[in-house]
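The values are calculated or read from the model by the stated rules, or taken from the named source; none is laboratory data. None of these values were measured; they are calculated from a predicted model. Neighbour counts run over all protein chains shown; Cβ positions are idealised from the backbone, glycine included. Heavy atoms of the whole protein, side chains included, go into the accessibility calculation; ligands, DNA and RNA do not. Shrake-Rupley method; radii C 1.70, N 1.55, O 1.52, S 1.80 Å.
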Amino acid sequence: MFTPKYPPQDTAPIPTTTAPTTYNPMPYAPAPASNRPAVQLTAGSTLALVAGGSAAVLVVGTVLVSMLLAVAITAASVAVCAVTVRSILKSDRR
């Protein structure tokens, strides 16, 4: 009941080692022509793309630097508060 059932040995395909001697490619239809106009970059549009990319990089950089500065200021203020509270608690024990 639980023993595996194997197929008979003679049903396996026999591998062939001979290569086909002729090559008959199937005919294909050419790709349809697109009716959209091609994008052409002029000097002005290239300059606008460069300026827009530079502005985006500057804005993202400014946001990231301001977030880092906010974290640094918060950490410094928490450290000052911790030192102040520790000093107050230490002075009460004396």
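Suppose the filter is β-branched (Val, Ile, Thr) and either modelled with pLDDT of 90 or more or open to solvent by less than 100 Å² (accessible area, probe 1.4 Å) (or both); does VAL39 pass it? When the stated conditions are applied, VAL39 does not pass them.
Of all residues in the range 38-94, those that are part of a loop (DSSP other than H, G, I, E, B) and of a type in the set (Val, Ile, Thr) total 2. For ALA72, the conditions (1) surrounded by 10 or more Cβ atoms within 10 Å (Cβ to Cβ); (2) modelled with pLDDT under 80 are fulfilled apart from (2).
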